[in-house]
Amino acid sequence: ETGAVDHFRPGDHVRLETLADQFAPNLRKAILHGRIDFEAHHDALTGLPNRPSFERMTDLMIEAGIPASGGQTPVVMLMDLDRFKEVNEPLGHHAGDSVLIDFARRISAVIEPGDLLARLAGDEFALLAVRELDGIHQLANRLVDEARRPFTIDGLEVVVTMSIGVAPMVGEIPGATTLLRRADIA
């Protein structure tokens, strides 16, 4: 008889069980490897890329020579939450973590799909984006407005503000650390 049949032959279940037993450890290893790789490149709290990932992606853009063109300029925006200690210290780390997670969600909702948002450390975030000059100013203002909206923690409204520095990718740029330093100074 040829073709598919709708039942197993007497020894098929043993072969399938053996195959599954041989395949399972490799699948577990692949899942573990994927998890370790993700954790190495992402912030554990927000799930955003971490500093090394952000710097690597920015360096790749610099190496690719993505210049300002057609009115579009690549920029790095460095965002630092002001008055974050006023949340974290009196209300506890749980409250601070809640603000950081909510902030990451808010900013992620504002940016475009091709933008790269990362949490660098503590209350410091970075964004790699390509925009026209007017679009850069509008985006920076929108990000500041998002940070200014109250965060609700256990029924309590908390307000933080944000400082933002913008470093355009123009001229000779040795690497991502230079852009981050320029954005920090700005």
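The values are calculated or read from the model by the stated rules, or taken from the named source; none is laboratory data. Computed from a predicted model, the values in this text were never measured in an experiment. Heads up, the Cβs are rebuilt from the backbone with ideal geometry, glycines too, and the neighbour counts pull from every protein chain shown. Surface accessibility is based on the protein's heavy atoms, side chains included, excluding ligands, DNA and RNA. Shrake-Rupley method; radii C 1.70, N 1.55, O 1.52, S 1.80 Å.
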Worksheet item: Which whole-Hz ³J(HN,Hα) couplings does segment 142-149 yield from phi under the Karplus relation 6.51 cos²θ - 1.76 cosθ + 1.60, θ = phi - 60°, glycine and proline marked x?
Response: 5, 5, 4, 4, 5, 5, 6, 4
Worksheet, complete the sentence: Under the 7 Å Cα-to-Cβ spin-label approximation, LEU91 and ALA64 lie apart by a distance in nanometres of 3.8 nm
Item to complete: Taking amide H positions as placed in the peptide plane 1.01 Å from N, state which residues far from LEU120 in sequence (5 or more) or on other chains have amide H under 5 Å from it.
Response: PHE125, ALA126
Worksheet item: If R0 is 35 Å, what FRET efficiency do you get for ASP37 and VAL170 from their C-beta distance, rounded to 0.05?
Response: 0.55
Worksheet item: Residue farthest toward the positive end of the dipole of segment 88-186, with Cβ of Lys/Arg at +1 and Asp/Glu at -1: which of LEU179, PHE151, LEU116?
Response: LEU179
Item to complete: List the trypsin sites (Lys or Arg not before Pro) within segment 62-145 that fall in a DSSP loop (any state other than H, G, I, E or B) and whose Cβ has at most 15 other Cβ atoms within 10 Å.
Response: ARG83
Item to complete: Rounded to whole Hz and in sequence order, give me ³J(HN,Hα) for segment 116-123 from the Karplus expression 6.51 cos²θ - 1.76 cosθ + 1.60, θ = phi - 60°, writing x for Gly and Pro.
Response: 10, 9, 9, 9, 7, 4, x, 9
Worksheet item: Want the number for THR177 to ARG28: 0.36 nm per residue separation, take away the alpha-carbon distance, what's left?
Response: 49.9 nm
Worksheet, complete the sentence: Phi angles of segment 171-186, converted by Karplus (6.51 cos²θ - 1.76 cosθ + 1.60, θ = phi - 60°) into ³J(HN,Hα) in whole Hz with x for Gly and Pro, give x, 7, 10, x, x, 4, 4, 5, 5, 5, 5, 4, 5, 5, 5, 5
Worksheet item: Cα axis of helix 93-110 to longest principal axis of the chain: angle in degrees, 0 to 90, nearest 10?
Response: 90 degrees
Item to complete: Grab the Cα-Cα distance for GLN72 and ARG56, subtract it from 0.36 nm times how many residues apart they are, and report the gain in nm with one decimal.
Response: 3.6 nm
Discussion item. I'd like to check one number: the per residue accessible area of the chain, probe 1.4 Å, reported in Å² as a whole number.
Written reply: 62 Å²
Fill in: Of [x] 43, 25, 16; [y] 40, 16, 14; [z] 39, 24, 16, the label for semi-axes √(5λ) of the Cα gyration tensor in Å derived from the coordinates
[x]
Worksheet, complete the sentence: If every Lys and Arg gets +1 and every Asp and Glu gets -1 at its Cβ, then about the Cα centre segment 36-186 yields a dipole, in debye to the nearest 20, of 220 debye
Worksheet, complete the sentence: Counting sequence-distant residues (5 or more places) and residues on other chains, those with an amide H built under 5 Å from that of HIS42 are ASN50
Worksheet entry | Along the chain, longest interval not containing exposed GluC sites (Glu not before Pro), exposed being DSSP loop plus at most 14 other Cβ atoms within 10 Å | 2-171
